[in-house]
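Structure first, then comments.
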Amino acid sequence: MSTAAQIIGLSAAQISEKLRAGELSSVEVTQAHLDRIADVDDSVHAFLSKSAQSALETAEHVDAQRASGSDLPHLAGVPVAVKDNIVTSGQTTTCGSQMLADWVPVYDATVIERLKVAGLPILGKTNMDEFAMGSSTQTSAFGPTRNPWNVERHPGGSGGGSAAALASFAAPLAIGSDTGGSIRQPAAVTGTVGVKPTYGTISRYGVIALASSLDQVGPAARTVLDAALLHEVLAGPDPRDNTSLDAPPPPVVAAAREGATGDLRGVRIGVIAELQGEGYQNGVRLRFAESLDALRQSGAEIVEVSCPNIENALAAYDILNAAEASSNLARFDGMRFGRRVEPTDGRIVNVDTVMSASRGAGFGFEVKRRILFGIFALSGENYDSYFRNAQRVRAIVTSELKAAFNAVDVLVSPTSPAAASVLGLAETDPQGLLHSDVATISANLAGLPAMSLPAGLGDENLPVGLQIIAPQLADDRMYRVGAALETALQERWGAPLIAQAPALGQMKVEVSK
């Protein structure tokens, strides 16, 4: 019988092996993580809601099926946390906003359906920047999430709740959405793994949109193999999503297992010249250089490539993100969708005043700012100067990345220029926080798969990440390279980086090597 501290320190792959061997039950595993949430989440605030009863019911069902000899999916019985912009029937889905504070959906997103079919107990919904607008999970209407490595620091955003749940050992797996780095940047600053798959390979049906041409659901975990196992559950065409690609999912699990052998002979890795150097913290630069050395030692050839216009990607992204958000959020007006608030200032109650009062009360500052900027960028005389030019930059950046892949198999860069900053910058320096996505947004603009994995500890002993970008539908390449780098670095460190994270609460975590 394993102790709770031993259970929560296991990877998802290890939990799966023990479940199939009969060494653990899903109920035991699920309860251990629910207990962990109870112990640490007052400090971390990774979750906006918990679903203990339904999670345990799923676990009991999986255990009964396994006892009867049923052939179950690989991750059946392994718990998962879900970002709160993914529609989940019977459970509050808020997008971190007062606009949806009391909304309980009556249907499931496709990815939730796939989790349920695969038998993964859903622990709860994780905190996020309001409507995914932010880079630190501080714009949530329900308070910020804190980084388990240092609770005075942010955990990245917009999916900081999912990353913090992993880093605090409150969940072995999580899913999120990535519009400009919202899975990868939180992974970098919490010492975890985050993946943005090729656009269109995981359904967005039932995911509340920020910017529809950029958003992509993806897996988050503490190891590359765990991310691959969850990726395999989520991926596949969906006729309900008109952006879904009718293509078989890449063999990501096989690639992760192959990469774990540490052999990258014959692989050419391109270092993006424009995404390093000035503007990146010293600790980030040092860990990136060490990671490149580890890749060379694994047999890869490292070459430098140039994508000159990638430096303009951030400005283009800001315009496109705001423009699409202003359109997508127009339906939340208190009349058709969202919280209804009637004016209390003496104005006549009509459509205009109800919409104004509802949106004023329901949306936070950052959401209002982006909606206004988006409307400005799309308006008459501004359309060509802002939106159309941003689309031109998008096309150029996409073309440059595509050209780079004619010479290399994958591209790499630091995931973020800096380790996690102190809480409070969402109010005092919102543009500075947006700069933390400078290295990640190009993959979204081009629809490419990208991964962040731990590169070590940077300034003030906080985690930093390395990003791997692959060509469209070549997600397996980044899993192979990521697993090889993970193996090489962990051999140097003597343990997973996450083993050095503070074990919050009274329960000690025994991280499995």
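Read-outs throughout are calculated quantities, based only on the coordinates presented, and are distinct from any laboratory measurement. Note that the structure is a prediction, hence the values are computed from the model and not measured. Positions of Cβ are backbone-derived with ideal geometry, glycine not excepted, and every protein chain shown enters the neighbour counts.
Taking the alpha-carbon distance from Lys508 and a cut-off under 12 Å, which aspartates and glutamates remain once sequence neighbours fewer than 8 residues away in the same chain are dropped? Counting by Cα, and skipping residues close in sequence, Lys508 has these aspartates and glutamates nearby: Asp39. Scaling against 2.2 N^0.38 Å puts the C-alpha radius of gyration of region 191-344 at 1.36.
Excluding same-chain neighbours fewer than eight residues apart, the lysines reachable from Lys196 by a Cα-Cα span under 21 Å are Lys83, Lys125, Lys402. Rounded to the nearest 0.05, the FRET efficiency derived from the C-beta distance between Lys368 and Ser512 at R0 = 45 Å is 0.50. Per-residue Cβ neighbour counts within 10 Å put Ser291, Ser306, Ser182 in the sequence Ser306, Ser291, Ser182, beginning with the fewest.
What FRET efficiency would be calculated for the residue pair Ala64, Val117, taking the C-beta separation as r and a Förster radius of 22 Å, to the nearest 0.05? Before the final figure, lay out the partial values.
On the way: r = 16 Å, r/R0 = 0.74.
Calculated value: 0.85.
With helices as the sole contributors, the chain gives -12000 deg cm²/dmol at 222 nm; each DSSP H run of n ≥ 4 counts as -39500 (n - 2.57), and the sum is divided by every residue. Contact order for region 14-71, expressed relative to its length and based on alpha carbon pairs under 8 Å spaced 6+ residues apart, stands at 43 percent. Cross-link partners of Lys368 among aspartates and glutamates, defined as those whose alpha carbon lies under 12 angstrom from its own and excluding same-chain residues fewer than eight positions apart: Glu130.
Over the chain, what is the mean sequence separation of C-alpha contacts under 8 Å (at least six apart), divided by residue count, expressed as relative contact order in percent?
On the way: 1263 pairs, mean separation 95.6, N = 513.
With pairs under 8 Å counted, the relative contact order is 19 percent.
Taking label points 7 Å from Cα along the Cα-to-Cβ direction, Arg388 and Gln6 give a separation of 6.7 nm. What ranking of Met451, Met99 emerges when the number of other C-beta atoms within 10 Å of each C-beta is taken as an exposure proxy, fewest first? Ranked by crowding around the Cβ, least crowded first: Met99, Met451. What does a probe at Tyr107 reach in region 200-214, counting residues whose amide N is under 19 Å from the point 7 Å along Cα→Cβ? Inside the label zone: 202-210, 212. Among the DSSP beta bridges whose two residues both lie in the chain, what percent are antiparallel, rounded to the nearest 5? Bridges in the chain that DSSP calls antiparallel: roughly 65 percent. If you bin all the Cα-Cα distances of region 264-306 at 5 Å, starting from zero, the percentages per bin are 6, 23, 26, 24, 15, 5, 1.
For the pair Ala395 and Arg268 in one chain, pulling the backbone fully straight at 0.36 nm per residue adds 43.2 nm over the alpha carbon distance.
With neighbours defined as other Cβ atoms within 10 Å of a residue's Cβ, the residues Asp84, Asp333, Asp102 order from fewest to most as Asp102, Asp333, Asp84. Placing unit charges on the Cβ atoms of the charged side chains and taking the dipole of the chain about its Cα centre, the candidate lying farthest along the positive direction among Asn309, Gln472, Phe142 is Gln472.
Expressed as a fraction of 2.2 N^0.38 Å, the rule-of-thumb size for a compact globular protein of N residues, what is the C-alpha radius of gyration of the chain? Against the empirical 2.2 N^0.38 Å value, I get 0.92 for the chain. Sorted largest first, the spans of the alpha carbon positions of region 286-333 along the three principal axes are 56, 23, 19 Å.
Sorted largest first, the principal axis extents computed over the alpha-carbon atoms of region 253-342 equal 64, 36, 23 Å.
Can you compute the charge dipole magnitude of the chain about its Cα centre, using +1 on each Lys and Arg Cβ and -1 on each Asp and Glu Cβ, nothing else charged? Give it in debye, rounded to the nearest 20.
With only Lys, Arg, Asp and Glu charged at Cβ, the dipole is about 260 debye.
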